[in-house]
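This report concerns only the one structure given below.
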Amino acid sequence: MSDDHAAHGDSHYVKIWAYLLVFLIISFVGPMLEIQWLTLVTAFGIAGIKAYLVVVNFMHINAAPRFVTYAVTTTLVFMLLFFAGAAPDVMQSSGTNWIKPAWIEAERAYEAGEVSGGGHGEAAGHGDEHGDGHEEAAGAHH
């Protein structure tokens, strides 16, 4: 048993676990209300709070040498910088040398009601490029 665990006792960890469970329930219920700002708060805000509780209370990063905290913080900052730099290009529907995959366009068309929800791949024209012969090819493999 570590010194931190002995200092807090089991009830401390059960209490943190209960907080995490309450935050989990809130993060499930929040998006069900279909209020955009509330969904964002419950998705990202509560995720940050839960991560903080786990890192401090279960991983004991506050008891680690200072350079560990600096390394973790630096890694998170670089990850956020990478996302902020890449997101504007990746989240666009098209770019100079690329377009998003066809399945994304098919989902958009389906959600907009432009295409019926028939069989597999119907919205994206699946099967048009294959031609006939699926049955014969499938039978040959068995």
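The values are calculated or read from the model by the stated rules, or taken from the named source; none is laboratory data. On a predicted model such as this, the values are computed, not experimentally measured, just so you know. Cβ atoms come from the backbone with ideal geometry, glycine included; neighbour counts cover every protein chain shown.
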Residues to consider are ALA112, ALA47; find the one that is modelled with pLDDT of 80 or more, surrounded by fewer than 10 Cβ atoms within 10 Å (Cβ to Cβ) and aliphatic (A, V, I, L, M). ALA112
Which numbered condition LEU53 misses (of (1) of a type outside the set (Val, Ile, Thr); (2) touching a Phe, Trp or Tyr at 6+ places or on another chain (Cβ under 9 Å); (3) closer than 30 Å to ILE104 by Cα): (3)
Take residues that are without any contact (Cβ under 8 Å) to a residue 24 or more places away in the chain and in contact with a Pro (Cβ under 9 Å, 6 or more places away or on another chain) and tell me which of the helices (runs of 4 or more DSSP H) falling wholly in region 1-92 contain 1 or more. 36-40
Check GLY117 against each of (1) in contact with a Phe, Trp or Tyr (Cβ under 7 Å, 6 or more places away or on another chain); (2) at pLDDT below 85; (3) surrounded by 12 or more Cβ atoms within 10 Å (Cβ to Cβ) and name the one condition it does not meet. (3)
Filtering region 87-109 down to residues that are modelled with pLDDT under 80 and of a type in the set (Asp, Glu) yields ASP89, GLU105
